Ligand SMILES: [Zn+2]
């Protein structure tokens, strides 16, 4: 029987049983495999891992574990002590997302902040992994097994269950705050919004809205109309709070 020592850092401890958190522990194994498979068998999905260090030296996911190895595993919130080997190409664009069926409220918030966000409550796991892979979208999920799929390159397990905390978590994790651009995507369908003159839509607006607001946007896909009303103001308060707490 071979054995290796593992130490997981920072927010990766979330995936471990409490006796293994924030400390080195020995793990016995009877098969030789890649560090990626071994770390996932201990509970940590590969998209959550940002750096791997074995016996003080940076390695990538293909490294084959040897008996006696000292393995350190780092997540997004804890930089490793040595220059890491990148485990995936840098994310190439303005972040775009695809969300699983548990995260509908978070999807609406991300759209409201101007991020291209796909969400349907009937996506299957295979579809989510495929969309994430083919469209280079960050997969946000509450399903650890889904994140372990080989096709998923960019992904994150959403730890918080409260929707405001979820938004704070994702804003911090992907440093979204400087990229916030309201009135870009429709909260309902993710369609692109366009400016529209009040005269073109005022028969559809409540009287008070038509009276108090002059700037309007309309979804090119579903026709929904948006303005800087109470909904928008609540969102601004929430974002200010998230920025203050960071
Ligand atoms: Zn729409």
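The values are calculated or read from the model by the stated rules, or taken from the named source; none is laboratory data. Quick caveat: nothing in here was measured; it's all calculated off a predicted structure. For neighbour counting, all protein chains shown are included, and Cβ atoms are generated from backbone atoms with ideal geometry for every residue, glycine included.
Residues that are surrounded by 13 or more Cβ atoms within 10 Å (Cβ to Cβ) and over 19 Å from residue 181 (Cβ atoms) were ranked within segment 205-220; the one that is modelled with the highest pLDDT is 213. For segment 117-131, the condition holds for at least one residue, the condition being that it is within 20 Å of residue 178 (Cα to Cα) and part of a strand (DSSP E or B). For the structure I just gave you, tell me whether residue 53 is part of a strand (DSSP E or B) and in contact with a helix residue (DSSP H, G or I) (Cβ under 6 Å, 6 or more places away or on another chain). Considered against the rule, which asks whether it is part of a strand (DSSP E or B) and in contact with a helix residue (DSSP H, G or I) (Cβ under 6 Å, 6 or more places away or on another chain), residue 53 comes out as no. On the given criteria, is residue 6 over 21 Å from the mean Cα position of the chain (by Cα) and more than 25 Å from residue 153 (Cα to Cα)? Here the answer is no, as residue 6 does not meet what is asked.
Listed by first and then second residue, the pairs linking a residue in segment 191-202 that is assigned by TED's automatic domain parsing to the domain that holds residue 108 and farther than 18 Å from residue 181 by Cβ to a residue that is in a helix (DSSP H, G or I) and more than 16 Å from the ligand (Cβ to nearest atom), with Cβ atoms under 6 Å apart and 6 or more places separating them unless they lie on different chains, are 202/210.
Under the condition of being part of a loop (DSSP other than H, G, I, E, B) and either touching a helix residue (DSSP H, G or I) at 6+ places or on another chain (Cβ under 8 Å) or not assigned by TED's automatic domain parsing to the domain that holds residue 187 (or both), the residues counted in segment 101-116 number 4.
Selection of segment 2-29 for residues being within 20 Å of residue 55 (Cβ to Cβ) and loosely packed, with under 11 Cβ neighbours inside 10 Å yields 26, 28. Within segment 146-187, if we keep just the residues that are without any contact (Cβ under 8 Å) to a residue 60 or more places away in the chain and outside any loop (DSSP other than H, G, I, E, B), the residue that is farthest from residue 217 (Cα to Cα) turns out to be 146. Checked against the criterion of being under 11 Å from the mean Cα position of the chain (by Cα), within 20 Å of residue 233 (Cα to Cα), within 16 Å of the ligand (Cβ to nearest atom) and in contact (Cβ under 8 Å) with a residue 60 or more places away in the chain, segment 113-134 contains not a single residue that satisfies it.
Is it fair to say residue 217 is within 16 Å of the ligand (Cβ to nearest atom), part of a helix (DSSP H, G or I) and under 27 Å from residue 170 (Cα atoms)?
The answer is no for residue 217.
Here residue 172 meets each of (1) under 30 Å from residue 79 (Cα atoms); (2) within 16 Å of the ligand (Cβ to nearest atom) with one exception, condition (2). In segment 221-231, what count of residues is obtained for those that are surrounded by 12 or more Cβ atoms within 10 Å (Cβ to Cβ) and away from the ligand (no atom under 16 Å from the Cβ)? Number of matching residues: 2. Criterion applied to 95, 81 was being at pLDDT below 95 and part of a loop (DSSP other than H, G, I, E, B), and the one residue passing it is 81.
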